[in-house]
Amino acid sequence: MILFRLVAPRNASNDQIVSGEGAKRSGGRWNRIGVSTVYTGLVEEVTYCEQASYSLIARIEDDLRIGRHIPSSMRPELVDVARVLARVEVDLAESEIADISSAVALNQAAKNHDISITFEMAIHPIRTSVQQRTQQLADRLRLNGVSALITKSARSTGNCVVIFSDALRTPLRLVERIPIRLSCVTSEDQKLPIGKRIQPLPARFMVEREMPTGWVSLGLFDVHP
């Protein structure tokens, strides 16, 4: 199975991409602290939207108000933000995968393991109380021999694949690393004009890939609320 990750250049060594150590240290939506976990997307677009939501859109929501000027000092955080797209490969038997990407499947899994959580709670912006429940469900599934979860992306129409790297029979393998960059764009689909007044709040971004001839646009994408 080929999957995709998007990471900052400082976290793009071979080991960092496939080890799951970052999520192990900080915890995540589907893993508690101490569980090595690699968060990936089934398709590239999922990784773009997830990353843009947390590293671009969230910066504006946290630091700025609609209609205010965006200071030039924020340009490196909102325009031409460097990232590395990693293609990784993993060997998984069907019995090692729990597909909880639909409401029916997730709600049934939660019921089977007596965990009070719904599909809507699991895919919306995470709260501590909800995250504890998604982590509990993941723990129960891991104890039943599950090495990977297919989950609905909270920020795109696609699905994520959450891999518990310590549970794999064969290690996750890095196939390719591709330099890309992300930029917030205006309602006219132009890169965010830093230093100018912006309204409404951007929720769309551009992805570009570095080619021998320069940077080439891969398209515009919308972050789902």
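Brief remarks on what is shown
- Length-normalised contact order for region 129-225 - Cα pairs under 8 Å, 6+ apart - percent: 20
- Checking every one of the GluC sites (Glu not before Pro) in region 1-51 against DSSP loop status and a limit of 14 other Cβ atoms within 10 Å picks out no site at all.
- GNM remark for the chain: springs join alpha carbons under 10 Å apart, and the peak mean-square fluctuation among 131, 51, 16 falls on 16.
- Theoretical gain in end-to-end length, residue 95 to residue 150 [0.36 nm per residue, Cα-Cα removed]: 18.5 nm
- GNM on the chain, alpha-carbon springs under 10 angstrom: the most fluctuating residue among 72, 147, 55 is 72.
- When the square roots of the Cα gyration tensor eigenvalues are ordered a ≥ b ≥ c, the ratio a/c for region 75-148 is 1.5 or more and a/b does not exceed b/c, which makes its shape oblate.
- Per-residue HN-Hα couplings for region 2-17 [Karplus 6.51, -1.76, 1.60; θ = phi - 60°; Hz; x = Gly/Pro]: 9, 10, 10, 10, 10, 9, 6, x, 5, 10, 10, 5, 3, 5, 5, 5
- Taking 7 Å steps out from each Cα toward its Cβ at residue 124 and residue 2 produces label points 3.7 nm apart.
- Across region 106-111, computed HN-Hα scalar couplings (Karplus, 6.51 cos²θ - 1.76 cosθ + 1.60, θ = phi - 60°) run 5, 4, 5, 4, 5, 5 Hz from first to last residue, x flagging Gly and Pro.
- Computed [θ] at 222 nm, deg cm²/dmol, the chain (DSSP H ≥ 4; -39,500 (n - 2.57); rounded to nearest 500): -7500 deg cm²/dmol
- Just checking the listed ones, 40, 118, 128: in the Gaussian network model of the chain with Cα springs under 10 Å, the one fluctuating most is 128.
- With viscosity 0.890 mPa s and temperature 25 °C, the Kirkwood radius over alpha carbon pairs of the chain converts through Stokes-Einstein to a diffusion coefficient of 134 µm²/s.
- Across region 1-52, Cα pairs under 8 Å and at least six residues apart give a relative contact order of 40 percent.
- Contact order relative to length of the chain, as percent, for alpha carbon pairs under 8 angstrom and 6 or more apart: 29
Throughout, read-outs are computed from the coordinates displayed, never taken from laboratory work. This is a predicted model, so every value here is computed, not measured. All Cβ positions, glycine included, derive from the backbone under ideal geometry; neighbour counts span all protein chains shown.
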